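Input: a single structure, listed below in structure tokens.
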Amino acid sequence: MTITENTSIDYDVQGEGPPLLLINGLGFGRWGWFKQLPAFTRHFRTITFDVRG
């Protein structure tokens, strides 16, 4: 996802169903949801992303 000309944010979309936006805490990237994703993606379209910083 491109935010500005020089800034982009990595994201991942998995699964099907209602959207579920997973926001990670400070100091973690989207990989922090790795263990939970199999359960969530059975019922939801999950969206994970890396926060800037």
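Of everything listed in (1) at pLDDT below 90; (2) surrounded by 12 or more Cβ atoms within 10 Å (Cβ to Cβ), the single unmet condition for residue 22 is (1). Residue 5 meets the conditions (1) exposed (fewer than 10 other Cβ atoms within 10 Å of the Cβ); (2) at pLDDT 80 or above; (3) among the charged types (D, E, K, R) in every case but one. The failed one is (2).
If you go through region 31-42 one residue at a time, do you hit one that is at pLDDT below 95, polar (S, T, N, Q) and exposed (fewer than 15 other Cβ atoms within 10 Å of the Cβ)? Among the residues of region 31-42, at least one is at pLDDT below 95, polar (S, T, N, Q) and exposed (fewer than 15 other Cβ atoms within 10 Å of the Cβ), which makes the answer yes. Considering only residues in region 43-53 that are closer than 17 Å to residue 8 by Cα and not aromatic (Phe, Trp, Tyr), the one that is modelled with the highest pLDDT turns out to be 47.
The values are calculated or read from the model by the stated rules, or taken from the named source; none is laboratory data. Values in this document were obtained by computation on a predicted structure and should not be read as measured data. In this analysis, Cβ positions are derived from the backbone assuming ideal geometry, glycine residues included, and neighbour counts consider all displayed protein chains.
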